[in-house]
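Nothing in this text is a laboratory measurement; each read-out follows from the coordinates by a stated rule. Everything numeric in this text was worked out from a predicted model, so none of it was measured. Here the Cβ is made from the backbone with ideal geometry for all residues, glycine too, and neighbour counts use every protein chain on show.
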Amino acid sequence: MLTIPTKQLFSYDLGIKIIASKIPTEELTICCHGYGHNRNIINALSAHHVLSGNLLGFNFPDHDINAQSDYHLSTFGTLNEILPLLYLLKFYACDLNLPIINLYGLSAGGGAIINALAILNQYTHADQLQKIGITLDHAKQILAIVENSQIILDCPLKSVAEIIAFSGNDPEFVMLAERYTKNQMNPIDALSLLAGLKLNILLHFQNPDEILGNRDDNLFIQHLQTANRNGKTTVIIGHDGGHNVWHTTLWHKYQELHKA
């Protein structure tokens with residue numbers, strides 16, 4: 001079993017959960033849940049036996065957020081949303097020196113991955129990064145390991161503005177859209193900050209996506225391919241029934257690529 005970090009750097013319990021591989025390996029996939037979900041995303045991934053290696057689930061600050069939650073107190077669209085993921089990357093890449101750290105992100109979790117990698121690549125928010133132990137050298141070490149691994153973006157959040165255009169001006173989403181824009185954390189805009197990296201990315205969209213909409217799918221693909229021109233971007237469009245179903249199309253493609 002992999003070690004779990006014990007430092008209490010955050011105001012809540014990250015709820016880290018690891019499902020160990022049946023075959024001894026140092027390969028780890030950090031799984032990032034979506035809006036309103038939690039670390040148990042790894043249970044479904046483990047049950048379907050789609051990913052190799054060890055699986056790690058954790059809770060973002062606003063795990064299990066729901067209609068009764070005060071969204072004004074949420075961390076979505078701020079650095080505080082991203083810091084726990086960055087902390088875990090630093091622990092497993094730099095402290096434990098794992099050679100392969102894959103990233104899987106569903107919906108808002110996919111957007112968080114983009115923002116985390118953009119922050120590391122540009123080394124922005126240096127003061128806050130150093131408070132959780134990430135120096136510039138650490139950032140480079142993390143990115144080198146991620147470049148040697150796999151990133152899966154499963155119906156990633158592109159922008160809250162797209163959701164508003166699709167579903168209407170809900171006050172919660174209007175506030176979040178303003179926050180994401182103010183903090184320059186709209187994932188579709190942050191893609192350009194990945195330039196220079198050589199990433200292996202599997203990008204999946206559902207069409208139709210009844211939660212996020214599909215307005216900016218093609219624009220997102222174009223921006224990602226431009227930013228990741230040195231790497232490999234594989235795009236899969238699925239018609240499996242929407243955002244919150246099991247995405248068979250994605251996992252069939254993933255298995256096909258790993259058999260090649």
* **chymotrypsin sites (Phe, Trp or Tyr not before Pro) within region 167-260, DSSP loop, no more than 16 other Cβ atoms inside 10 Å** => 246
* To do: Pairs to check: 158/232; 131/158; 17/140. Give those whose C-alpha atoms are more than 24 Å from each other in this structure.
  => 131/158; 17/140
* Where the only charges are on Cβ atoms (+1 Lys, Arg; -1 Asp, Glu), what is the dipole of region 105-260 about its Cα centre, to the nearest 20 debye? -> 560 debye
* With the dipole of the chain worked out from charges on the C-beta (+1 for Lys and Arg, -1 for Asp and Glu) around the Cα centre, which of 56, 225, 196 lies farthest toward the positive end? -> 196
* Can you tell me which of 24-33, 44-53 comes out highest on packing, and rank the rest after it, using the mean Cβ neighbours within 10 Å? => 24-33, 44-53
* When DSSP beta bridges are limited to those with both residues in the chain, what percentage is antiparallel, rounded to the nearest 5? -> 10 percent
* Structure fact -> Restricting to lysines and to Cα separations under 24 Å from residue 22, and discarding same-chain partners fewer than 8 apart, the set is 253, 259
* Give the long-range amide H neighbours of residue 29: residues separated by 5 or more places, or on another chain, with amide H under 5 Å away, using H modelled in the peptide plane at 1.01 Å from N. => 54, 55, 56, 102
* Asked: Tell me, how many Å apart are the Cα centres for region 89-142 and for region 27-85?
  -> 15 Å
* Structure fact -> Ranked output for segments 155-168, 232-245 by mean other Cβ atoms within 10 Å, highest leading, reads 155-168, 232-245
* Asked: What aspartates and glutamates sit close enough to residue 198 to cross-link, taking a C-alpha to C-alpha distance under 15 Å and skipping anything fewer than 8 places away on the same chain?
  -> 147
* Asked: At residue 127 and residue 182, where each label point lies 7 Å from the Cα along Cα→Cβ, what is the point-to-point distance in nanometres?
  -> 1.8 nm
* To do: Calculate for the chain the 222 nm mean residue ellipticity that helices alone would give, adding -39,500 (n - 2.57) per DSSP H run of length 4 or more and normalising by residue count, nearest 500 deg cm²/dmol.
  => -11000 deg cm²/dmol
* Asked: To the nearest 20 debye, what is the magnitude of the charge dipole of the chain about its Cα centre, counting +1 on the Cβ of each Lys and Arg and -1 on the Cβ of each Asp and Glu?
  -> 720 debye
* To do: Read through the labelled values [x] 55, 39, 35; [y] 47, 43, 36; [z] 54, 44, 42 and report the label of the one computed as Cα extents along the principal axes in Å from the structure.
  => [y]
